[in-house]
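*Asks:* Submitted below is the structure of interest, expressed as structure tokens.
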Amino acid sequence: MPMANDKIRIALIGAGGMGQGDARDAARVSGVEIAAAADVYDARLGRMKELYPSIATVRDYRELLARPDIDAVIIATPDHWHAHITLDALAAGKDVYCEKPMVQKIEDGKRVIEAAKKTGRIFQMGSQYASAHAFQKISALLKSGAIGELNMVEAWLDRNTATGAWQYSIPPDASPQNIDWDGFLGSAPKRPFEPIRLFRWRNYRDYGTAVAGDLYVHLFTGLHTATGALGPTRIYSTGGLRYWDDGRDVPDVQMGVIDYEASAAHPRFQFVMRVNFKSSKAEEDFGYRFIGSEGSITTDTAKVTLSRVPREKEPGNTADTFSREMEAAYIRAYRERYPLQPATTATLSRPTVQQFTSPHDAHEIHMRNFIDALRTRKPFFEDATYGFRATGPALLCNTSYFEDRVCHWNAETMTAS
Ligand SMILES: NC(=O)c1ccc[n+]([C@@H]2O[C@H](COP(=O)([O-])OP(=O)(O)OC[C@H]3O[C@@H](n4cnc5c(N)ncnc54)[C@H](O)[C@@H]3O)[C@@H](O)[C@H]2O)c1
């Protein structure tokens with residue numbers, strides 16, 4: 001177990017796009033060494049050797065877990081491996097940073113929570129909006145009553161590129177000689193070698209968790225961090241496969257309509273979210289809008305904009321639809337009750353807009369929070385329970401979509417029905 005100033009030796013399991021990014025963020029923290037990497041595709045290990053020349057590389061992650069000189073692991077494999085490797089790593093006495101979603105199957109959530117408790121190891125889910133300053137700022141604004149009473153939150157993530165829609169590159173040399181195919185499949189159904197399934201694993205439910213598990217988890221994490229909500233009660237999701245007719249068995253347009261009941265932390269509100277992989281927008285468009293009785297807060301995480309719209313000073317009227325005589329009588333009575341203000345005749349106060357910028361990389365801060373936890377032994381708040389409270393509702397969006405039904409979630413007990 002590393003002490004405050006000890007070197008921390010980390011092994012990366014799954015050295016693709018996110019794994020390499022996570023390793024880079026970890027290596028930036030003083031005293032951290034990326035000591036080993038496991039991946040089922042040899043050229044990903046080759047890349048790790050180029051980046052970290054003294055690193056040990058293996059195909060089978062279990063060889064790394066057996067090494068006493070490894071303190072912690074970063075798990076950035078396809079989703080269907082997350083729970084399995086996490087449980088193995090915790091049992092081997094390693095601290096774990098596991099990419100979102102925490103689990104592919106909802107029934108594994110409590111297993112991970114229990115294992116983290118039982119082993120006393122640090123577990124943190126890699127859903128970086130838990131560390132994003134924007135959501136902490138929004139949390140403070142909501143608590144201060146800046147937009148009155150919250151009643152609705154919208155979140156969206158629109159993309160318009162092939163890679164944004166998960167069409168990742170397939171290397172021309174991919175073969176059973178340089179890929180441990182069974183090592184990739186793991187508990188997924190056995191099939192003959194088919195590299196597209198490894199390199200574009202998100203497109204298949206056997207390995208990924210569709211739009212909701214991939215992206216809604218982020219949206220739930222940011223929402224929970226900002227509002228203090230533990231989770232929703234009712235979940236409905238719809239959408240379809242509209243454009244990327246490339247053999248995928250998951251939607252490319254998906255929406256969720258979610259109910260949050262009132263709690264000590266927040267009033268009752270609705271959460272409406274969407275992902276669109278053919279949005280015709282030039283840039284990826286990502287954001288949230290928190291809507292209250294006296295204003296709204298929007299964010300793309302780089303900046304937070306507060307727009308205050310105080311309550312109307314008078315209700316207005318539609319008396320011009322009455323006869324002239326009745327209109328005049330109505331307006332006389334109305335103006336006795338609501339005398340004209342000297343400065344303005346407007347019924348609405350003017351909105352005021354304030355902006356807060358937050359120029360930082362949430363990934364990097366989230367990883368720093370993990371390394372801090374390794375040294376202090378105090379878990380960052382996105383532990384397994386927090387992680388599952390974002391992952392569970394996201395997976396239920398898939399249940400709702402694929403089974404065409406409304407799902408129910410008890411956020412306190414983390415049980416679905
Ligand atoms: N936090 C974020 O913003 C964020 C962003 C992207 C991806 N992710 C998550 O990171 C994870 C990886 O995504 P990615 O985009 O890097 O995918 P990727 O396909 O680029 O990388 C996955 C890597 O895992 C390897 N792999 C597969 N099975 C393995 C096994 N059994 N043992 C070891 N390695 C194995 C693959 O060969 C590949 O190199 C996913 O769970 C994804 O949801 C998170």
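The values are calculated or read from the model by the stated rules, or taken from the named source; none is laboratory data. Just so we're clear, the structure is a prediction, and the values are computed from it rather than from any experiment. Neighbour counts are summed over all protein chains in view; Cβ atoms, including those assigned to glycine, are modelled from backbone coordinates with ideal geometry. Ligands, DNA and RNA are stripped out before the accessible areas are found, and what is left, the full protein with its side chains, is counted by its heavy atoms. Shrake-Rupley method; radii C 1.70, N 1.55, O 1.52, S 1.80 Å.
*Asks:* Round to a whole number: what % of the accessible area of the stretch 178-297 belongs to carbon and sulfur, probe 1.4 Å?
*Replies:* Reported share for carbon and sulfur atoms: 49 percent.
*Asks:* Quick check on my link table: of K49/K378; K7/K303; K281/K303; K100/K278; K100/K378; K7/K378, which ones sit more than 26 Å apart, alpha carbon to alpha carbon?
*Replies:* K49/K378; K7/K303
*Asks:* Also, quick follow-up: Give me the accessible area per residue for the chain, probe 1.4 Å, as a whole number in Å².
*Replies:* Counting only protein heavy atoms, the per-residue value for the chain is 46 Å².
*Asks:* R0 = 22 Å: FRET efficiency of Q354 with S139, Cβ-based, nearest 0.05?
*Replies:* Details: r = 16 Å, r/R0 = 0.73.
Result of the calculation: an efficiency of 0.85.
*Asks:* How long are the semi-axes of the ellipsoid equivalent to the stretch 130-186, from square roots of 5 times the Cα gyration tensor eigenvalues, in whole Å, largest first?
*Replies:* Semi-axes (√(5λ), whole Å): 45, 16, 10.
*Asks:* Taking the Cα atoms only, what angle lies between the long axis of helix 324-337 and the longest principal axis of the chain, rounded to 10 degrees?
*Replies:* Computed tilt is about 70 degrees.
*Asks:* Name the long-range amide H neighbours of A37: under 5 Å, sequence gap of 5 or more, or other chain; modelled H, no Pro or chain starts.
*Replies:* Residues meeting the amide H criterion: L12, A56, T57, V58.
*Asks:* Could you give the size of the charge dipole of the chain about its Cα centre, using +1 on the Cβ of each K and R and -1 on the Cβ of each D and E, expressed in debye and rounded to the nearest 20?
*Replies:* It comes to approximately 720 debye.
*Asks:* Given the Cα-Cα distance of E194 and Y334 and 0.36 nm per residue of separation, how much length would full extension add, in nm? If you can, show how the numbers build up before the last one.
*Replies:* On the way: separation 140, 0.36 × 140 = 50.40 nm, distance 7.45 nm.
That works out to 43.0 nm of additional length.
*Asks:* Right, something else. Taking the Cα centre of the chain as the origin and placing charges on Cβ (Lys, Arg +1; Asp, Glu -1), which of I8, M273, N317 is farthest toward the positive end of the dipole?
*Replies:* The residue sitting most towards the positive pole is N317.
*Asks:* Additional query: From the residues A27, P68, H82, which one has its Cα farthest along the dipole of the stretch 1-90 in the positive direction, the dipole being from +1 and -1 charges on Cβ of Lys/Arg and Asp/Glu about the Cα centre?
*Replies:* Most positive-ward Cα: A27.
*Asks:* Determine the shape class of the stretch 41-120: with a ≥ b ≥ c the square roots of the Cα gyration tensor eigenvalues, call it rounded for a/c under 1.5, and otherwise prolate if a/b is greater than b/c, oblate otherwise.
*Replies:* Cα axes put the stretch 41-120 in the oblate bin.
*Asks:* Quick one: if you stick a label point 7 Å off each Cα along the C-beta vector at L51 and K117, how many nm between them?
*Replies:* Here the modelled spin labels are 3.5 nm apart.
*Asks:* Around M152, which amide H atoms from residues at least 5 apart in sequence, or from another chain, sit under 5 Å from its own amide H, with H modelled in the peptide plane?
*Replies:* Sorted by chain and number, the residues that satisfy this are Q270, I291.
*Asks:* Here is a further query. Show the residues, 5+ positions off or on another chain, whose built amide H is closer than 5 Å to the amide H of T415.
*Replies:* N410
*Asks:* So, R0 is 25 Å and r is the distance between the beta-carbons of D320 and S293; what FRET efficiency does that work out to, to 0.05?
*Replies:* Approximately 0.35, to the nearest 0.05.
*Asks:* Moving on to the next point. To the nearest 10 square angstrom, how much accessible area does H408 have with a 1.4 angstrom probe?
*Replies:* Ignoring ligands and nucleic acids, H408 comes out at about 80 Å².
*Asks:* May I ask you to evaluate 6.51 cos²θ - 1.76 cosθ + 1.60, the Karplus curve with θ = phi - 60°, for each residue of the stretch 221-228 and list the ³J(HN,Hα) values in order in whole Hz, giving x for glycine and proline?
*Replies:* Whole-Hz 3J(HN,Hα) from phi for the stretch 221-228: 4, x, 4, 5, 5, 6, 9, x.
*Asks:* Going Cα to Cα from K105, which lysines come in below 26 Å? Please leave out same-chain ones fewer than 8 positions away.
*Replies:* K94, K117, K118, K190
*Asks:* Turning to a different aspect of this structure: Could you point to the residue in V58, H363, S307 farthest towards the positive end of the chain's charge dipole, with +1 and -1 charges on the Cβ of Lys/Arg and Asp/Glu respectively?
*Replies:* The listed residue farthest towards the positive side: S307.
*Asks:* Could you give the radius of gyration (one decimal) and Dmax (whole number) of the Cα atoms in the chain, in Å?
*Replies:* Looking at the chain, its Cα Rg and Dmax stand at 25.0, 91 Å.
*Asks:* Another question, then. Applying the Karplus parametrisation 6.51 cos²θ - 1.76 cosθ + 1.60 with θ = phi - 60° to the phi angles of the stretch 22-31, what ³J(HN,Hα) value in whole Hz is obtained for each residue in order, glycine and proline being reported as x?
*Replies:* For the stretch 22-31, the Karplus-derived couplings read 4, 4, 4, 5, 5, 5, 6, 7, 4, x Hz, x marking Gly and Pro.
*Asks:* Moving on. For an R0 of 22 angstrom, estimate the FRET efficiency from the Cβ-Cβ distance between E284 and T238 and round to the nearest 0.05. Present the calculation step by step, with values, prior to reporting the outcome.
*Replies:* Numbers: r = 22 Å, r/R0 = 1.02.
The calculated FRET efficiency here is 0.45.
*Asks:* Further question: Spelling out what I want: for every residue of the stretch 265-279, take phi, set θ = phi - 60°, compute 6.51 cos²θ - 1.76 cosθ + 1.60 (Karplus), and round to whole Hz; glycine and proline get x.
*Replies:* 7, 7, x, 5, 8, 10, 10, 10, 9, 8, 10, 9, 8, 9, 9
*Asks:* With a 1.4 Å probe and all protein chains kept in place, how much accessible area does E107 have, in Å² rounded to the nearest 10?
*Replies:* My reading of the accessible area for E107 is about 110 Å².
*Asks:* If you don't mind, another one. Can you check what the Kirkwood hydrodynamic radius comes to for the stretch 367-417, Cα pairs only, in Å to one decimal?
*Replies:* The answer is 12.6 Å.
*Asks:* Which net charge results when you count Lys and Arg as +1 and Asp and Glu as -1 among the other residues whose beta-carbon is under 14 Å from that of T221? Write down the numbers at each step before the final one.
*Replies:* Values: positive: K100, R389; negative: E99, D214, E382, D383.
Once positives and negatives cancel, what remains is -2.
*Asks:* If we count every other residue with Cβ under 10 angstrom of R274's Cβ, Lys/Arg +1 and Asp/Glu -1, where does the sum land?
*Replies:* Local charge sum for R274: -2.
*Asks:* With a bin width of 5 angstrom, please list the P(r) values of the stretch 109-153 as percents of all Cα-Cα pairs, from the 0 bin to the one holding the largest distance.
*Replies:* With a bin width of 5 Å, the distribution comes to 5, 17, 16, 14, 13, 12, 14, 8, 2.
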